[in-house]
Number of protein chains: 2
Amino acid sequence: MIQDKKNAFNKFAAGKGLRSTRQRDCILNVFLSTHQHVSVEELYLKVKACCPGVGQATVYRTLKLFVEAGLAREVLLHDGQTRYEHVQAGEHHDHLVCTGCNAIIEFENETIEKLQDQIAERHGFMIRSHKLEIYGLCADCRS
Amino acid sequence: MIQDKKNAFNKFAAGKGLRSTRQRDCILNVFLSTHQHVSVEELYLKVKACCPGVGQATVYRTLKLFVEAGLAREVLLHDGQTRYEHVQAGEHHDHLVCTGCNAIIEFENETIEKLQDQIAERHGFMIRSHKLEIYGLCADCRS
DNA sequence: CTGCTTTTGATTATCATTTTCAATTTATCG
DNA sequence: CGATAAATTGAAAATGATAATCAAAAGCAG
Ligand SMILES: [Mn+2]
Ligand SMILES: [Mn+2]
Ligand SMILES: [Zn+2]
Ligand SMILES: [Zn+2]
């Protein structure tokens, strides 16, 4: 599955005439080996651990490429930092965000998605994307 | 109704030992006379029109007070600017955001809210707040 | 290899928001 | 009414995340 994503990115890169570089390989490896919802800073530190010379600018640039290639999705919660998560084809989910421990719980709800479609239709609105974030305290932080 | 909000703020201010100032009066007046979803910059310009000496720092500070007092709510869409909207007691709504013309359409959906409660309960999660934003093109921008 | 183009990374710039801090203003009390 | 202590203000500087610059380095087709 990791190899699939690497292939997907290589294909995307080939199609765009992008060159293959040590930096991008490293950032892709680190991203693919990473858990959900990484901040750019977190990723940058991990990348430096294996390729010390890589600059943050390159990490920022490369993450945007991953989004373009369909490997990653931007997640903007309310801590002022852009995070990136893995995208698997045809899947969508939303987030419960714990303000106590910063944990993120993912959920899917088909009914909510359908209701959104109805609302949009009622207003003649064409949906491109949406975000639903529920903030509060997770089970652990409630005690 | 405008007077109600002024009274509400004065009550809040009294309870917190805040002093009454020309600046805050002016900012409150301007905010109350303003349409939904104003950015700080927009508000700042309007404030300067009637009280030329007021600084932005004061506008930023005062808006946070309004939120604390329950008069206003922060709305963070994805244009990098914090906006503020009026809050009326016991009311909640979410947003359709047009990426073409920046129009914002408000909607309420009790079913979605209930489904959110169910999801939270299922995860032992205690909801404090949530945001649902649907991005896309409004009827006008689709043509 | 050569020459051309992309990529990189250090540095600088942006831009919204926050902090600082000295000067001003407000509320309180004698 | 002053005097005093505390809160408020506004100009300017600081912050912090991200974007833009640009000269040097690297990748690639011929
Ligand atoms: Mn997620
Ligand atoms: Mn609104
Ligand atoms: Zn938690
Ligand atoms: Zn529109």
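The values are calculated or read from the model by the stated rules, or taken from the named source; none is laboratory data. Predicted model only: the values in this text are computed from it and were never measured. For neighbour counting, all protein chains shown are included, and Cβ atoms are generated from backbone atoms with ideal geometry for every residue, glycine included.
A few notes on this one:
- Hey, A:V54 surrounded by 13 or more Cβ atoms within 10 Å (Cβ to Cβ), touching a residue at least 24 places away in the same chain (Cβ under 8 Å) and assigned to a helix (DSSP H, G or I) or not: no
- When segment A:68-82 is limited to residues that are more than 14 Å from chain B (Cβ to nearest Cβ) and surrounded by fewer than 19 Cβ atoms within 10 Å (Cβ to Cβ), the one that is farthest from DNA strand C (Cβ to nearest atom) turns out to be A:G70.
- Residue within segment B:15-25 that is more than 11 Å from DNA strand D (Cβ to nearest atom), surrounded by fewer than 17 Cβ atoms within 10 Å (Cβ to Cβ) and on the phi < 0 side of the Ramachandran plot present: yes
- In segment B:87-96 there is no residue that is within 7 Å of another protein chain (Cβ to nearest Cβ) and over 19 Å from B:V38 (Cα atoms).
- Of all residues making up segment B:94-117, the number that are within 14 Å of A:S129 (Cα to Cα), surrounded by 16 or more Cβ atoms within 10 Å (Cβ to Cβ) and more than 16 Å from the chain's Cα centre (by Cα): 2
- Filtered residue count, segment A:1-23, keeping only those that are touching a Lys or Arg at 6+ places or on another chain (Cβ under 9 Å) and not in a loop (DSSP other than H, G, I, E, B): 2
- When A:E42, A:E91 are checked against the criterion of being in a helix (DSSP H, G or I), within 16 Å of ligand 1 (Cβ to nearest atom) and over 12 Å from the mean Cα position of the chain (by Cα), A:E42 stands alone in meeting it.
- Matching residues in segment A:105-143 - criterion: being at pLDDT 95 or above and more than 7 Å from every other protein chain (Cβ to nearest Cβ): A:E106, A:E108, A:E110, A:E113, A:K114, A:D117, A:Q118, A:E121, A:R122, A:D140, A:C141
- The residues on offer are B:V54, B:V59, and the sole one that is under 30 Å from B:H95 (Cα atoms), of a type in the set (A, V, I, L, M) and away from ligand 1 (no atom under 16 Å from the Cβ) is B:V59.
- Entry remark, segment B:119-141: residues being under 19 Å from the mean Cα position of the chain (by Cα) and either more than 16 Å from ligand 3 (Cβ to nearest atom) or of a type outside the set (K, R) (or both) number 7 in total.
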